[in-house]
Amino acid sequence: MKHTISVLVENEFGVLPRVSGLFSGRGFNIDSLSVAPTLDPTISRMTIVTTGDQQILEQVSKQLNKLIDVIKVIDFTGQQFVEREMLMVKVAAEAESRAEVLRIADIFRAHVVDVTPRSYSLEVTGTPEKLDAFVELLRPLGLKELVRSGPIVIGRGAKVWKNID
C-alpha cells in the first residue's frame, strides 16, 4: 500500500539521516523524499512517499514521533489531500518534431525553459499520473534527460497542522 507522510522537523543538521534511517532499518524503501523550509525557517517539512504494510508503517510513525527533532507526523493515507510534483525533461526537437513537442507541451501546460538547435527543455507540474502521461507521449520523440521532484502534498479543508503555524 502506498503511503504519503508529512513530517515537520526542526531544521537542524542530522535530522534527515535519522528520519530515513527509521525507514531503512525496518526494510521500507523511500520512493520519494522532498524536504524544504516552512513559513518558519527553523522548521522544515519532509514529504515521504513509501510503500508497505499499514501495521509496520504505524510503528515507524510512532517511532518518528519519538525523535527529538520531529514536531509532528501525518500519514495522508485515507485522507483528502492535494498532491503535486514537478518534472523537467529534455526532449529531442529536430525540425520535423519541433511542432509536435510544442503541441504536447501546450496540452499539458508545460513551459519551455531552454531551447537549443536539437532539443527543448520543458517544465511541467501536476499529479504523478499527469507527469507519467506527459513522459509517455514524449518518449517516442526521443527523451534525452528527465528529472522529477517527487510529490509534495497539502491537506484539503481545515488546517491539518493544528497548533503549529
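What follows draws every value from the coordinates through simple rules; no lab data is involved. Bear in mind the structure is a predicted one, so any value in this text is a computation, not a measurement.
Side notes on the structure shown:
- Relative contact order (percent, whole number), the chain, Cα cutoff 8 Å, 6+ residue spacing: 26
- Mean projected area (nm²) of the alpha-carbon convex hull when the stretch 1-56 is viewed from all directions: 3.8
- Alpha carbon convex hull of the stretch 13-165, volume per residue in cubic angstrom: 151
- Estimated purely from DSSP H runs of n ≥ 4, each contributing -39500 (n - 2.57), the mean residue ellipticity at 222 nm for the chain is -9500 deg cm²/dmol once divided by its residues.
- Pairs of Lys residues in the chain are counted when their Cα atoms are under 24 angstrom apart and they lie 8 or more places apart or on different chains; the count is 15.
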